[in-house]
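Structure first, then comments.
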Amino acid sequence: MSTQLRLGIAGLGTVGTGTVKIIQRHASVLKARTGREITISAVSARNRDKDRGVRLGDYAWENDPVAQAQRDDVDVFVELIGGEDGPAKAAVEAAVAAGKDVVTANKALLAIHGQALAEAAEAAGVTIRYEAAVAGGIPVIKALTEGLAGNQVSRVMGVMNGTCNYMLTRMQNDGLAYDEVFAECEKLGYLEADPTLDVGGIDAGHKLTILTALAFGTRVDFDALTIEGIERITAEDIEQAADMGYRIKLLGVARQSGRGLEARMTPCLVPVESPLGQLEGATNMVVLEGDSVGQIVLRGAGAGEGPTASAVMADVCDIARGIRLPVFGQPAKTLAAARAGNAESPTAYYVRMSLYDKPGALARIASVMGDAGISIDRMRQYGHSSETAPVLIVTHKAARDALDSALKAMSGTGVLASEPVALRIEDV
Ligand SMILES: NC(=O)c1ccc[n+]([C@@H]2O[C@H](COP(=O)([O-])OP(=O)(O)OC[C@H]3O[C@@H](n4cnc5c(N)ncnc54)[C@H](OP(=O)(O)O)[C@@H]3O)[C@@H](O)[C@H]2O)c1
């Protein structure tokens, strides 16, 4: 084997050029740390003529990432194209089949095809590494697979979409409406080409799917995840939640309990004084809980050229050092199917509704909730227009199905002016 570790880097966008820059800038440090020279044999992207602000002349150019993955002078194929299918998937499969290790930042690919890819890689005696795929620069994959290897993990939580957290923070701090902040993000280029990937919780959901598999020894199963985005959150929700001592976050939570595996990416209320409640702007946070270690909080940049390339290079360095772990922390064939059911653990809920301003309306709602076995912790009525009155209820701990039957019964009371919004209050 060559003492050099020779990379083929496919994709020269934000992350790809960032990775090239680190390799050029830190060549001697990387060699000192890994004992091997890390070099680039070939690069690929769609447009050869684009000025990418980085020196590429020393590397072979490939138009086809599949051919690049199969080159004899490539030891590690670094996939930084993106997308769950198409050229990224074809090239990663080709690399594995050709006996190459793979490093990728592609959460969609792993969340959807991770099991098949892991089985193929392990059968071929190669590895697939993906630190950059979850929470950018935060070394959460390493924390789970290595740092917490001696723990039974009880819960994983995370704010893992910087754009959503930026939007919620802007709404919180500047009193802006969702549509105004959405328009601003579109203008600033903060949103994916398909914005539902961000605001619909799908991008963050891909990341949680990967963490769930690692934490609980289950197969990646994106379809088992409950997903709700932030589109229905209003400035009033944010203001009223703050009034009650909470912040609203798009929060991923995965936990294993007697009910089976619970994994959801939904807007939740968290106490304002908690680390998650204090998280502002585009920063990410992942909270890990293990039976021996207790709670660990990791915070940092979840995206961007430098942070994401930093994570890519961590994987490259591990491969250079000869560290080869199973793709999801244990052999892929031993991963259990995520048990269906996904019943949510009981929790307190925030319920926001608008009632017709007529006598007995509030009492009617309270009685419907009582009939469903839900007790009310706090209730507030806010200043209202002539016809409707906004009402906010915080419940004591309740089961989700009890809440759902209360919400259903409410719709038959004739006092609701619009569909209520119910958000979990996560015990953090
Ligand atoms: N950006 C971040 O902060 C971040 C954070 C975490 C993870 N990631 C992940 O990292 C990966 C790359 O993201 P990015 O932001 O760097 O994307 P990007 O800036 O859009 O770059 C994508 C690159 O892939 C190339 N490409 C696209 N289609 C191709 C094809 N058919 N054949 C060959 N090359 C092709 C593009 O070529 P051209 O330049 O010629 O168009 C471009 O260089 C994605 O999986 C993403 O989810 C990104």
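With the condition kept exactly as written, say whether any residue in the range 364-372 is hydroxyl-bearing (S, T, Y) and open to solvent by 60 Å² or more (accessible area, probe 1.4 Å). Reasoning before the result, please.
The initial filter retains those residues of the range 364-372 that are hydroxyl-bearing (S, T, Y), namely 367.
Restricting the remaining residues to those that are open to solvent by 60 Å² or more (accessible area, probe 1.4 Å) gives none.
No; the residues of the range 364-372 include none that is hydroxyl-bearing (S, T, Y) and open to solvent by 60 Å² or more (accessible area, probe 1.4 Å).
Any residue in the range 14-28 that is modelled with pLDDT of 95 or more sitting within a Cβ distance under 6 Å of a residue that is hydroxyl-bearing (S, T, Y) and within 9 Å of the ligand (Cβ to nearest atom)? List the pairs, counting only those 6 or more apart or interchain.
Sorted first by the residue in the range 14-28, then by its partner, the pairs are V15/T308.
I'd like the full set of residues that are among the charged types (D, E, K, R), more than 14 Å from the ligand (Cβ to nearest atom) and open to solvent by 20 Å² or more (accessible area, probe 1.4 Å), limited to the range 101-124. Working first, answer last.
At the first step, the residues of the range 101-124 found to be among the charged types (D, E, K, R) are 101, 107, 119, 122.
If we keep only those that are more than 14 Å from the ligand (Cβ to nearest atom) as well, we get 101, 119, 122.
Within the range 101-124, E119, E122 meet the criteria.
Would you confirm whether or not the range 86-94 contains a residue that is closer than 25 Å to G329 by Cβ and in contact with a His (Cβ under 7 Å, 6 or more places away or on another chain)?
The answer is yes, given that some residue of the range 86-94 is closer than 25 Å to G329 by Cβ and in contact with a His (Cβ under 7 Å, 6 or more places away or on another chain).
Can you pull out every residue in the range 1-22 that is among the aliphatic types (A, V, I, L, M) and either assigned to a loop (DSSP other than H, G, I, E, B) or within 12 Å of the ligand (Cβ to nearest atom) (or both)?
M1, I9, A10, L12, V15, V20
I'd like to know if the range 171-178 contains one or more residues that are part of a helix (DSSP H, G or I), modelled with pLDDT of 95 or more, over 22 Å from M353 (Cβ atoms) and of a type in the set (D, E, K, R).
Checking the range 171-178: at least one residue is part of a helix (DSSP H, G or I), modelled with pLDDT of 95 or more, over 22 Å from M353 (Cβ atoms) and of a type in the set (D, E, K, R).
For the range 231-252, state whether one or more residues are open to solvent by 10 Å² or more (accessible area, probe 1.4 Å), assigned to a strand (DSSP E or B) and free of Cβ contacts under 8 Å to residues at least 12 places away in the same chain.
Looking for residues that are open to solvent by 10 Å² or more (accessible area, probe 1.4 Å), assigned to a strand (DSSP E or B) and free of Cβ contacts under 8 Å to residues at least 12 places away in the same chain, one finds none in the range 231-252, hence no.
Residues G125, G175, G150: which one is without any contact (Cβ under 8 Å) to a residue 40 or more places away in the chain and over 15 Å from the mean Cα position of the chain (by Cα)?
G125
For R33, are the conditions met, namely being away from the ligand (no atom under 16 Å from the Cβ), assigned to a helix (DSSP H, G or I) and in contact (Cβ under 8 Å) with a residue 12 or more places away in the chain?
When the stated conditions are applied, R33 passes them.
What number goes with the only condition from (1) in a loop (DSSP other than H, G, I, E, B); (2) more than 16 Å from P326 (Cβ to Cβ); (3) in contact (Cβ under 8 Å) with a residue 40 or more places away in the chain that G83 does not pass?
Going through (1) in a loop (DSSP other than H, G, I, E, B); (2) more than 16 Å from P326 (Cβ to Cβ); (3) in contact (Cβ under 8 Å) with a residue 40 or more places away in the chain one by one, G83 breaks only (3).
Hey, does the range 354-366 have a residue that's within 25 Å of L250 (Cβ to Cβ) and in contact with a Ser or Thr (Cβ under 7 Å, 6 or more places away or on another chain)?
Yes, that holds for at least one residue.
Take S411 and decide whether it is crowded, with 16+ Cβ neighbours inside 10 Å and of a type in the set (S, T, N, Q).
Answer is no for this residue.
Would you confirm, using the coordinates I've provided, whether M379 is within 30 Å of E273 (Cα to Cα) and free of Cβ contacts under 8 Å to residues at least 40 places away in the same chain?
yes
If I22 meets every condition in (1) open to solvent by 60 Å² or more (accessible area, probe 1.4 Å); (2) within 17 Å of T308 (Cβ to Cβ) apart from one, which number is that one?
Evaluating I22 over (1) open to solvent by 60 Å² or more (accessible area, probe 1.4 Å); (2) within 17 Å of T308 (Cβ to Cβ) leaves (1) as the failure.
Filter the range 75-93 down to residues that are under 22 Å from A123 (Cβ atoms) and either more than 15 Å from the ligand (Cβ to nearest atom) or open to solvent by 10 Å² or more (accessible area, probe 1.4 Å) (or both) and give me whichever is nearest to the chain's Cα centre (by Cα).
The extreme case among them is E84.
Of all residues in the range 63-73 being of a type in the set (D, E, K, R) and open to solvent by 70 Å² or more (accessible area, probe 1.4 Å), which is farthest from the ligand (Cβ to nearest atom)?
For the range 63-73, the residue satisfying everything is D72.
Evaluate the following for G300: is it within 15 Å of D427 (Cα to Cα), assigned to a strand (DSSP E or B), of a type outside the set (A, V, I, L, M) and within 16 Å of the ligand (Cβ to nearest atom)?
Here the answer is no, as G300 does not meet what is asked.
Could you list all residues from the range 36-62 that are part of a loop (DSSP other than H, G, I, E, B), within 11 Å of the ligand (Cβ to nearest atom) and over 19 Å from V312 (Cα atoms)?
Answer for the range 36-62, where residues must be part of a loop (DSSP other than H, G, I, E, B), within 11 Å of the ligand (Cβ to nearest atom) and over 19 Å from V312 (Cα atoms): R46, N47, R48, D49, K50, D51.
Restricting to the range 292-302, and then to whatever is surrounded by fewer than 22 Cβ atoms within 10 Å (Cβ to Cβ) and touching a residue at least 12 places away in the same chain (Cβ under 8 Å), can you tell me which residue is farthest from L30 (Cα to Cα)? If you could, list the steps in order and put the result at the bottom.
Going through the range 292-302, the residues surrounded by fewer than 22 Cβ atoms within 10 Å (Cβ to Cβ) turn out to be 292-301.
Now drop any that are not touching a residue at least 12 places away in the same chain (Cβ under 8 Å), which leaves 292-293, 296-301.
Details: S292: 34, V293: 31, I296: 28, V297: 28, L298: 25, R299: 25, G300: 23, A301: 22 Å.
Filtering the range 292-302 for residues that are surrounded by fewer than 22 Cβ atoms within 10 Å (Cβ to Cβ) and touching a residue at least 12 places away in the same chain (Cβ under 8 Å), the one farthest from L30 (Cα to Cα) comes out as S292.
In this structure, is N151 open to solvent by less than 40 Å² (accessible area, probe 1.4 Å), within 16 Å of the ligand (Cβ to nearest atom) and of a type outside the set (K, R)? Steps first, please.
On the way: open to solvent by less than 40 Å² (accessible area, probe 1.4 Å): yes; within 16 Å of the ligand (Cβ to nearest atom): no; of a type outside the set (K, R): yes.
Taking the combined requirement at face value, the residue does not satisfy it.
Just wondering, is there one or more residues in the range 186-196 that are surrounded by 19 or more Cβ atoms within 10 Å (Cβ to Cβ) and among the β-branched types (V, I, T)?
Looking through the range 186-196, none of the residues is surrounded by 19 or more Cβ atoms within 10 Å (Cβ to Cβ) and among the β-branched types (V, I, T).
The values are calculated or read from the model by the stated rules, or taken from the named source; none is laboratory data. Note that the coordinates shown come from a computational prediction; the quantities given were computed from them, not determined experimentally. For neighbour counting, all protein chains shown are included, and Cβ atoms are generated from backbone atoms with ideal geometry for every residue, glycine included. Surface accessibility is based on the protein's heavy atoms, side chains included, excluding ligands, DNA and RNA. Shrake-Rupley method; radii C 1.70, N 1.55, O 1.52, S 1.80 Å.
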